[in-house]
1. Relative contact order for the chain using alpha-carbon pairs under 8 Å, separation at least 6, rounded to a whole percent?
2. In debye to the nearest 20, how big a dipole does segment 5-132 give about its Cα centre with +1 on each Lys and Arg Cβ and -1 on each Asp and Glu Cβ?
3. For a quick check of your reading of the filter: which trypsin sites (Lys or Arg not before Pro) in segment 16-45 sit in a DSSP loop and have no more than 15 other Cβ atoms within 10 Å?
4. Could you state the number of Å between the C-alpha centres of segment 59-80 and segment 1-40?
5. Run down the aspartates and glutamates and flag those whose C-alpha is under 20 Å from the C-alpha of residue 48, throwing out any fewer than 8 positions away in its chain.
6. Considering every Cα-Cα pair within the chain, what fraction, in whole percent, is farther apart than 27 Å?
7. Below 14 Å, Cα to Cα, which aspartates and glutamates can residue 97 reach? Residues fewer than 8 away in the same chain don't count.
8. Taking residue 104 as the anchor, which lysines have their alpha carbon closer than 27 Å to its alpha carbon, excluding any fewer than eight residues away along the same chain?
Amino acid sequence: MIPNYIEHIGIAVKNLEESIKYYENILGMKCYSIEDVVDQKVRTAFFKVGQTKIELLEPTSEESTIAKFIEKKGEGVHHIAFSVDNLSEKLKLVEEKGVALIDKNARKGAEGLNIGFLHPKSTGGVLTEFCENPNK
Ligand code: ZN
C-alpha cells in the first residue's frame, strides 16, 4: 500500500480566524500553528487529531487556487493528504499506473513537508496530496 496514514485533511475557508473558533470552541481542539504559504497564496492553520491534522486554508489572493475553489464550490473539504515514504518514487509509481499528476516533481509545502498533488480527474474527484516528512 502506498499511503501510511492520513497526514491531514485540507479545508478551504473564507476567514481563518472565524473558522478557528469552531475547531477551538466547539470541538475543543487547539490551533498550534498559523503559517503563510506564499507560493500557494494561502494562510494555513493547523490542528492535530491523533496522528492526523486538520489544515485550514484561507486564500490571501484572488489568484489563489483556494479562492477559485471557494468561488466554485463554497467552503469545505478541499483535499486529502496521505503520508508516504519516498515521495518522488511514489509519484512516479502512480503516474505509471495512469494517474494524472498536478506535481510531477515533489515540492515544498506547509510545515516543511515535501508534497505532490494528484489530479482529481484521476482520483474520483478527490484532490489528493502525497506528503513526506524529510526530517523523519
Ligand atoms: Zn495539504
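1. Relative CO of the chain lands at 25 percent.
2. 280 debye
3. Taking segment 16-45 and a limit of 15 other Cβ atoms within 10 Å, the loop trypsin sites (Lys or Arg not before Pro) found are 30.
4. 14 Å
5. Filter leaves 7, 17, 18, 24, 35, 36, 58, 111, 129, 132.
6. The calculated P(r) of the chain puts 18 percent of pairs beyond 27 Å.
7. Correct list for residue 97: 89.
8. Leaving aside lysines fewer than 8 places away in the same chain, those within reach of residue 104 are 41, 53, 68, 72, 73, 90, 92, 121, 136.
The numbers here are math on the coordinates, done by the rules we state, and not lab data. Model, not experiment: these values are computed from the prediction. Cβ coordinates were reconstructed from backbone atoms using ideal geometry, including for glycine residues, and neighbour counts include every protein chain displayed.
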